[in-house]
Amino acid sequence: MTIFEKILAGDVPSYKVAENEKCLAFLDVFPLKEGHVLVIPKSPIDYIFDIDNQDLSDLHLFSKKVAIAMKSVLSCNRIGLAVIGLEVPHAHIHLVPIDSVEDINFSKPKIEVDSNRMLEISLAISQAFQKLD
(Lines give C-alpha, C1' and ligand atoms only; values in the text may rest on other atoms or scores of the structure.)
Protein backbone atom coordinates (compact mmCIF):
# COMPACT_ATOMS: atom_id res chain seq x y z
CA MET A 1 0.00 0.00 0.00
CA THR A 2 1.45 3.39 -1.00
CA ILE A 3 1.62 6.43 1.26
CA PHE A 4 -1.13 8.01 -0.86
CA GLU A 5 -3.41 5.00 -0.39
CA LYS A 6 -2.77 5.27 3.36
CA ILE A 7 -3.71 8.97 3.23
CA LEU A 8 -6.88 8.11 1.29
CA ALA A 9 -7.76 5.42 3.83
CA GLY A 10 -7.24 7.84 6.72
CA ASP A 11 -4.36 5.80 8.12
CA VAL A 12 -1.89 8.67 7.61
CA PRO A 13 -2.87 12.25 8.45
CA SER A 14 -2.67 14.94 5.78
CA TYR A 15 -3.29 18.64 5.29
CA LYS A 16 -6.23 18.25 2.93
CA VAL A 17 -7.09 21.26 0.77
CA ALA A 18 -9.75 19.85 -1.58
CA GLU A 19 -11.57 16.65 -2.43
CA ASN A 20 -14.25 15.34 -4.73
CA GLU A 21 -15.48 11.85 -5.63
CA LYS A 22 -12.43 11.13 -7.83
CA CYS A 23 -9.56 13.29 -6.56
CA LEU A 24 -7.82 14.51 -3.43
CA ALA A 25 -5.48 17.48 -2.97
CA PHE A 26 -3.27 17.95 0.07
CA LEU A 27 -0.14 19.83 1.09
CA ASP A 28 3.16 18.14 0.38
CA VAL A 29 4.90 17.55 3.73
CA PHE A 30 8.26 17.79 1.91
CA PRO A 31 7.55 20.96 -0.09
CA LEU A 32 9.67 22.93 -2.49
CA LYS A 33 7.82 26.08 -1.34
CA GLU A 34 5.12 26.89 1.20
CA GLY A 35 1.78 25.85 -0.25
CA HIS A 36 3.15 23.03 -2.46
CA VAL A 37 0.15 20.77 -3.13
CA LEU A 38 -0.12 17.19 -4.38
CA VAL A 39 -3.20 16.21 -6.37
CA ILE A 40 -3.97 12.51 -6.68
CA PRO A 41 -6.66 10.38 -8.24
CA LYS A 42 -8.44 8.21 -5.70
CA SER A 43 -7.89 5.21 -7.98
CA PRO A 44 -4.51 3.60 -7.24
CA ILE A 45 -2.98 3.98 -10.70
CA ASP A 46 0.82 4.17 -10.79
CA TYR A 47 1.51 5.91 -14.11
CA ILE A 48 -0.42 9.04 -14.99
CA PHE A 49 -0.69 8.10 -18.67
CA ASP A 50 -2.36 4.81 -17.74
CA ILE A 51 -5.35 6.78 -16.43
CA ASP A 52 -8.30 6.61 -18.81
CA ASN A 53 -9.02 9.79 -20.75
CA GLN A 54 -12.06 10.94 -18.79
CA ASP A 55 -10.41 10.42 -15.41
CA LEU A 56 -7.23 12.15 -16.61
CA SER A 57 -9.31 15.09 -17.80
CA ASP A 58 -11.13 15.17 -14.45
CA LEU A 59 -7.79 15.10 -12.58
CA HIS A 60 -6.48 18.06 -14.58
CA LEU A 61 -9.69 20.08 -14.24
CA PHE A 62 -9.69 19.43 -10.49
CA SER A 63 -6.01 20.49 -10.38
CA LYS A 64 -6.87 23.69 -12.25
CA LYS A 65 -9.51 24.57 -9.65
CA VAL A 66 -7.06 23.85 -6.82
CA ALA A 67 -4.43 26.02 -8.55
CA ILE A 68 -6.91 28.90 -8.86
CA ALA A 69 -7.66 28.62 -5.14
CA MET A 70 -3.95 28.48 -4.33
CA LYS A 71 -3.18 31.56 -6.44
CA SER A 72 -5.91 33.51 -4.65
CA VAL A 73 -4.36 33.01 -1.19
CA LEU A 74 -0.61 32.53 -1.76
CA SER A 75 1.89 35.20 -2.67
CA CYS A 76 3.39 34.06 -5.98
CA ASN A 77 3.47 34.93 -9.67
CA ARG A 78 2.04 31.61 -10.83
CA ILE A 79 1.21 28.08 -9.81
CA GLY A 80 3.58 25.70 -11.56
CA LEU A 81 2.54 22.17 -12.46
CA ALA A 82 4.82 19.15 -12.63
CA VAL A 83 4.34 15.43 -13.09
CA ILE A 84 7.42 13.40 -12.25
CA GLY A 85 5.97 10.03 -11.41
CA LEU A 86 8.92 8.35 -9.76
CA GLU A 87 8.70 9.19 -6.04
CA VAL A 88 5.47 7.33 -5.18
CA PRO A 89 3.92 4.57 -7.33
CA HIS A 90 0.59 6.41 -7.47
CA ALA A 91 -0.09 9.03 -10.15
CA HIS A 92 0.08 12.59 -8.82
CA ILE A 93 0.42 16.19 -9.89
CA HIS A 94 2.58 18.73 -8.08
CA LEU A 95 1.15 22.26 -7.87
CA VAL A 96 3.89 24.62 -6.69
CA PRO A 97 3.66 28.36 -6.03
CA ILE A 98 6.42 29.88 -8.17
CA ASP A 99 8.05 33.21 -8.89
CA SER A 100 10.76 31.75 -11.12
CA VAL A 101 11.56 28.46 -12.81
CA GLU A 102 14.04 27.69 -10.00
CA ASP A 103 11.13 27.44 -7.56
CA ILE A 104 10.03 24.16 -9.18
CA ASN A 105 13.48 22.58 -9.34
CA PHE A 106 13.08 19.17 -7.70
CA SER A 107 16.82 18.75 -7.21
CA LYS A 108 16.77 21.56 -4.62
CA PRO A 109 16.50 20.64 -0.94
CA LYS A 110 12.96 20.54 0.41
CA ILE A 111 11.97 23.10 3.01
CA GLU A 112 10.51 22.60 6.46
CA VAL A 113 7.21 24.26 7.26
CA ASP A 114 5.87 24.42 10.81
CA SER A 115 2.74 22.34 11.38
CA ASN A 116 0.74 25.40 12.45
CA ARG A 117 1.69 27.17 9.22
CA MET A 118 0.78 24.04 7.21
CA LEU A 119 -2.64 24.02 8.84
CA GLU A 120 -3.10 27.74 8.18
CA ILE A 121 -2.19 27.32 4.49
CA SER A 122 -4.38 24.23 4.03
CA LEU A 123 -7.38 25.99 5.56
CA ALA A 124 -6.88 29.10 3.42
CA ILE A 125 -6.65 27.08 0.20
CA SER A 126 -9.60 24.91 1.23
CA GLN A 127 -11.80 27.94 1.93
CA ALA A 128 -10.81 29.54 -1.39
CA PHE A 129 -11.53 26.26 -3.19
CA GLN A 130 -15.01 26.01 -1.63
CA LYS A 131 -15.83 29.55 -2.79
CA LEU A 132 -15.19 28.44 -6.39
CA ASP A 133 -18.11 25.97 -6.34
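Only four residue types carry charge here, +1 at the Cβ of Lys and Arg and -1 at the Cβ of Asp and Glu. Report the dipole size of the stretch 54-133 about the Cα centre in Debye, rounded to the nearest 20.
Working: 8 positive and 10 negative charges, 39 e Å.
Charge dipole of the stretch 54-133: 180 debye, to the nearest 20.
Met1 contributes about 150 Å² of solvent-accessible surface, heavy atoms of the protein only, 1.4 Å probe. Working note: 222 nm ellipticity from helices only, DSSP H runs with n ≥ 4, each -39,500 (n - 2.57), summed and divided by the residues of the chain, gives -11000 deg cm²/dmol to the nearest 500. Hey, if you drop one equal point scatterer on each alpha-carbon of the chain and run the Debye formula without solvent, what base-10 log of I(q)/I(0) do you get at q = 0.16 Å⁻¹? Per q value, in the given order, log10 I(q)/I(0) is -0.77. When Ile98, Ile84, Ile125 are compared by accessible surface with a 1.4 Å probe, the order from highest to lowest is Ile84, Ile98, Ile125. Among Tyr15, Tyr47, the sequence by solvent-accessible area, most first, with a 1.4 Å probe is Tyr47, Tyr15.
Where the accessible area of the stretch 5-133 is counted over protein heavy atoms with a 1.4 Å probe, how much of it, in %, is carbon and sulfur? Intermediate values should be presented prior to the final figure.
Working: 3800 of 7220 Å².
Roughly 53 percent, rounded to a whole number.
Rolling a 1.4 Å probe over the protein heavy atoms leaves Cys76 with an accessible area of roughly 20 Å².
The values are calculated or read from the model by the stated rules, or taken from the named source; none is laboratory data. Fair warning: this is a prediction, and the values are worked out from it, not measured in the lab. Note: ideal-geometry Cβ built from the backbone for every residue, glycine included; neighbour counts use all protein chains shown. What goes into the accessible areas is simple: the full protein's heavy atoms, side chains included, and nothing from ligands, DNA or RNA. Shrake-Rupley method; radii C 1.70, N 1.55, O 1.52, S 1.80 Å.
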